[in-house]
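Here's the structure we're looking at; comments come further down.
Readers should treat all values here as calculations from the given coordinates under stated rules, not as data from a laboratory. Owing to the predicted nature of the structure, the values given are computational and were not obtained by experimental measurement. Cβ coordinates were reconstructed from backbone atoms using ideal geometry, including for glycine residues, and neighbour counts include every protein chain displayed.
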Amino acid sequence: MAALYEEFTLCGLVQTQNASDSPIQGIERDGDSDHAVVTDSTRSVTLYKVSDQKPLGSWTVKQGQLLTCPAVFNFQTKEYVVVSDNKVIRVWKDEDLNLDKAFKATVTADVWRVHSAPGGEPVVLFQRGAVRFLDSLLSAPQQPIEDVLSEEEVIRWSTNIVAEEQHFVLFTTEQKGECCLYVQRLNPNTLQKYRLEREDSGASPLSFSASLRDKHLNLLYLYPNGCVYQSVVAARGYVGLEGVQALPRSLRLRLAVGEGELGAASAVALDEAHVAVVGVPHPSARTGKDFLCIWNTNFQTLQAGILRNWRKLFVPHGKALSVIPYDCQNHPSGRISIKCNCSQGNVKLGVNCVQPQPHQTGPVDEVQREVEALVSRGDAQDLQLSVGQLACHLVARSQAETAFYTPVALAQLVQTQFLCHSVCPGLLLLSLEHKDYFLCQLCLQLFPDIPEVVTCACLKTFISNEVLQTPYSDNFLLPHLKDLDTQQVILFLQYLQFVYLKYSQDVYTQTPGLRSPTMTQIIDWVCLLLDAHFTVLVMAPDAKGLLSNLQSFVKSQVKLFSELGKIESSLQELHKMKLSKDISQYSIEVIELF
Amino acid sequence: MGEFKVHRVRFFDYMPTAIRAMAFNAHTERLALARMDGSVEIFNFTDHYFQEKVIPGKDSRSIESLCWVGGRLFSAGLNGEIAEYDLENLRPKYSLEAYGGPIWTIISNTQGTQLAIGCEDGTVKLFEVLEEHIQFERNLDRQKGRIISLSWHPSGTHIAAGMMDMIRVFDVPTGHAVQRLLVDRGFGGSKSRETVVWSVAFLSDHTVVSGDSAGKVQVWDGHTGTLVKTHLVTKWDVLALSVSKDESSVVAGTSEGTVIQFQFIAPTLHQQQGKEWVRTRTFKNHTHDVRALAEIETAIVSGGMDTHLVVRPLLEKFDEKSHASGLRKIHFPHRNLVSCAKKVGLLLFQFPGQLELWRLGDSDGHGKPGDRLPLERMPEKLLLLKRKGEDHICCSALSSCGGWLAYSTVSCVRIYRLQTDNNNISITKVSKLPKALHSAHQLCFSSDSSKMFAASSQSSVLVIALTQSECKYVHTLKPKSGSRQPIHLMTTSVDGKWLAAANSDCEIHVYNLQKLKLHCIVPVYGSCPSAMGIHPTTNNLTVVHADQQVNTIISQLYLLQDWSRKLQKQGLHNVWLDRDTPVTHVTFNSKNPNQVVLHDMHMFCIIDQSLPLPDQKTQFYNQMTLRSLSEQERPSHLHAFKICKTFQDLLCVSLLDDQSLVVVERPLLAITSQLPAPVRQKKFAT
């Protein structure tokens, strides 16, 4: 299941003259996921703190100069790297104020991109396909750069993947309608070229996205006709294979494009299950609307602009750069479809998952196994929703089928502490129905939000330490307490008196680990009960002894407290008293005068 | 400024004695105060209540009452003697036996021609005051029972006498008792006990006010001998009465430590007729018996068993809050009782009856500010030297090397040679002293211990040369001014060239010791010097006066030093001027010529003359603020007066040659704890 959170605007964008060009050249991450380095299409680089939506720093090159590749953060040296006017590499640090005074080096060939990823050295990809590590390039900027691509071949897209000591630079090229994928492995350096299958329409892919999964490089690409294909290249192997290989593909998704074609769109694989797609126009909506969809089994985003970064999607659209945090969970059960219109109404998202699960039909022990499997997975983020979901289903099924009740499974779910009363309102009542006091206790203990009416329902059935400790509000509890009958009230009062006396006698001998109500909690309950039933209790002959006991008890307590009140101020004085240092007849001390 | 190792000394068991009597001279504004040990102190109320003079006590002397006649001071006591004091030489001028048994009280008439004393044998004796002496004149009619208190009618014709259970009014010319006023006894169990009329006051309109041991203040009509009004003010005794000059107010001191004011006012507003004595205010500034009381123009001065003198200003007499309108408590003498041998870390404590010599402890440890260091060596009492004879010690001195010790009483001077090696100490009395050296007001040694200086009569200074074997008279330094006042401060320069001496006329004479000549008289400043010192390197003389002014004078030129000139121009900070105890010691930091160390009872201060002076807007006590500031911020907040209030009730603060401070504290609590339990001491005849 994937969830998108409310979007927020990171910064406004200045429209370029050419509306189809994005005013953003690139968004790269800084040292941590909360910082983004945004490079605009002309001259400036801005560092944002994403959660604060606040710029932390901005650097601009001189008028007349142009940034030709997005600034990246070098995770190893904590420096920023940008290329201006194709050939000038500039390196600077946070504290540098002026980009002009920062380090720069002019190289001999035009640079396409600088790529940087955590755990790897930044890599420079030249327009003619050559790849160099930034370090080695800067140590000899004037070194000759070879041409890898043929003359009319141009780079369309590139990326950089660093994983487990492997470092890849992937880029796609286009030449006369023919698309190729180049996989450059670094250390040792090998270059492999693949030819992409031609689409019938002859169109070139609108967007690429690559990821490394299970030692395979997955390339996802979207065509204007709405087809999303996936190709897989083994991360190892094929070394030494010469020449151009054909790249097999499989269709992952076909977006309903309708009559038209996608003008601009982008697809991004979020994980093996999800693809996010952003595009204009929306495949099923009116023209002119852009959209963001998350598809199960794949997850994609839009054109040059969708950037998937560290559980946040950066979407430049309209006049703003929006940040949409998302969560992506591999929960197989959901039949959930979340649709929401974002504030501007021009971003839509949907989540679709469909899969039948055993808990809907299976016998008790099978359900038990499923629950155990789920609980043992132990990914907190993941469990939160699935546990609630599963509990709801189980409760619903138990309510429907009288013979079906899974106390152990439910107890396990409660013990994950991801449940609360409002998530699964039927659970506590169900356990009461089945007289499953263990589960009841557990719920009372762990649920922070039990309504007063349910608390009272529990009271009617059984009395415990746990009920007294349930959070409540007097006003709401009182009417429900009135539902108790006299015998129950008397019993409960007797119980409270017993507990109070017990605790007041052995205040110091209480087992520390044991959950026990505090004195105040007990007294509060006594007061509430008496409030609710006083007139009835006064009339009831069997309550007489209890009431007079309570009265004398209160009397003695009042006396005790008034006495305590008397000594309180003196004790406070003692507390206030400065600890006078014991000054003897003689000492040698050190003082300091300023 | 830096860290200091501080020797915090609390083993000086200084114990002031109770105040027994006082007399205020409205003309000179001097308060004479007698203590139980027979010592008399003179306070100058025009000069910040500075304790100008101290006449040391004597074992056999007891003073029950003091009396001024013009500028002359008389006392009488239970030893049956009347004494007149020589206020220039600080000793009794003469004393004579009155032959009436113990004397309870002494008074003079307003004209200052006669003295009257009340004796144990029931007589009131009149003495004629002559130029240089007094002479017995006659007895008034002898009564049965002792005369405890006396008061002379302002006209001089009548005397009221407080006795046991009664008050007598005498007609002075005839000597007959003309009235007998019977004083009731107390209630209950005390009914069987005689009532002692501790104090009487005879007012111009022939009203007699009495205070007695039954706790009553009574108002009588002296003409008719009838009781007008009784105020029962305490369960215990009313011990003292004092009448204001305009006779509109009477204050009474009780055994409970309270002072109760009565005022002669009309009971209702805007009514001039029918005035009566109404109890108005109660002051409680004492824990024990208030034995001595004086209502002066603007304040009530009181003292008693709890040993401190209290000046309680009457706030209605002041238009605005000022220095003079603050309550003043004087606990410690305004002079040094501690001498410090800076080179060797020895302390000499002066008690009336003995001297104690202590060696300071030692610690090798280092610590950060606020730490108490582990003691390597405990302090050690090396010597307890008891005086000979009846006269109490009036001054003492210890040489800075610790090799010489001297003290003086009014009758003799003694010099001792001290030798300390490791744990042995030997003391040798210097046997043959020059004849000229028979008594000294002040003693001090030159810094190389080769000479001793003794302040003698008429502001002269005797120079005595000290050698291993003998001590020899060298010279007498005499002031040109011809002042007859005693020297109360004396200090020498480290290089041995200069000696400065200050007397009660506020004169400071600087002598050149090489030429044995008067070098100069420092321009007289209106307030008495309370402490002074000569700078070890510049030889500038720093003087602190009773009004808290600090002056530094360039020795050679006797001009004010630049810093001091600047200080005078800018004025001292009000917080500094408002302090209510005088600076009693000035010392210098030999390592840093800019630093002067001063102290009074409640603080010590290091003045750094290199730093800017604080103006009135500056926070004066700024050590806490500075502590909280960062290293960079601090310099902009610094000013010259660095004040430390960590140590309280200070008797001495000195800087040893090893740069460590010695702080001698005598906590008031420790003094209080040695007093008898409060509320009423059994006293003769009660």
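General remarks:
- Reachable lysines, given that their alpha-carbon falls under 19 Å from the alpha-carbon of A:Lys566 and they are not under 8 places away in the same chain: A:Lys555, A:Lys576
- For region B:478-487, 3J(HN,Hα) computed residue by residue from phi via the Karplus equation (6.51, -1.76, 1.60; θ = phi - 60°) reads 10, x, 7, 5, x, 5, 9, 6, x, 7 Hz, glycine and proline entered as x.
- Average other protein chain Cβ within 10 Å of Cβ, residues B:4-10: 5
- Rg and Dmax of chain B, based on Cα coordinates, read 27.0, 85 Å.
- Straight-distance candidates among the aspartates and glutamates for linking to A:Lys93, with alpha-carbon spacing under 13 Å and chain neighbours fewer than 8 residues away dropped: A:Asp30, A:Glu79.
- Projected label distance in nm at A:Lys435 and B:Asp658, using a 7 Å step from Cα toward the beta-carbon: 8.9 nm
- Mean residue ellipticity, 222 nm, helices only, the protein assembly as shown: the sum of -39500 (n - 2.57) across DSSP H runs of n ≥ 4, divided by residue count and rounded to 500, is -4500 deg cm²/dmol.
- For the peptide B:362-375, the mean number of other protein chain Cβ atoms found within 10 angstrom of a residue's Cβ is 3.
- Taking amide hydrogens as placed 1.01 Å from N in the peptide plane, the amide H of B:Phe588 sits under 5 Å from those of B:Val597, each at least 5 positions away in sequence or on another chain.
- Using C-alpha pairs under 8 Å with a sequence gap of at least 6, the mean separation divided by the residue count of chain B gives a relative contact order of 9 percent.
- Förster-model FRET efficiency, 41 Å R0, A:Ala246 and A:Ser136, C-beta, rounded to 0.05: 0.75
- Counting only residues at least eight positions apart within a chain, or on another chain, the lysines with an alpha carbon under 19 Å from that of B:Lys432 are B:Lys388, B:Lys451, B:Lys472.
- ³J(HN,Hα), Karplus 6.51/-1.76/1.60, whole Hz, each residue of region B:497-513, x for Gly, Pro: 8, 10, 9, 10, 9, 10, 10, 5, 7, 6, 8, 10, 9, 10, 10, 8, 7
- For region A:105-181 versus region B:156-182, the gap between their alpha-carbon centres in whole angstrom: 127 Å
- DSSP bridge orientation in the protein assembly as shown - percent antiparallel, rounded to nearest 5: 95 percent
- Peptides B:174-183, B:621-630 ordered by average Cβ neighbours within 10 Å, highest first: B:174-183, B:621-630
- Averaged over residues, the count of other Cβ atoms within 10 Å places the peptides B:449-460, B:375-386 in the sequence B:449-460, B:375-386, highest first.
- Estimated distance in nm for a label pair at B:Asn592 and A:Asp200, the labels positioned 7 Å out from Cα along Cα-to-Cβ: 9.6 nm
- Couplings 3J(HN,Hα) for region B:78-83, derived from phi with the Karplus relation 6.51 cos²θ - 1.76 cosθ + 1.60 (θ = phi - 60°), are 6, 7, x, 10, 9, 10 Hz, where x marks Gly and Pro.
- Fully extended contour minus Cα-Cα distance, from B:Lys343 to B:Met15, at 0.36 nm per residue: 115.3 nm
- Potential extension, B:His438-B:Asp221 segment - 0.36 nm per residue separation minus Cα distance: 72.7 nm
- Packing-based order for A:550-561, A:405-416, B:528-539, using average beta carbon neighbours within 10 Å, highest first: B:528-539, A:405-416, A:550-561
- Shown is the FRET efficiency for A:Thr108 and B:Gln632, computed with R0 = 60 Å from the Cβ-Cβ distance and rounded to the nearest 0.05: 0.75.
- Chain lengthening between B:Asp86 and B:Thr467 when straightened (0.36 nm per residue, less Cα-Cα): 133.7 nm
- Förster radius 30 Å - calculated FRET efficiency between B:Lys275 and B:His331 (Cβ-Cβ, nearest 0.05): 0.20
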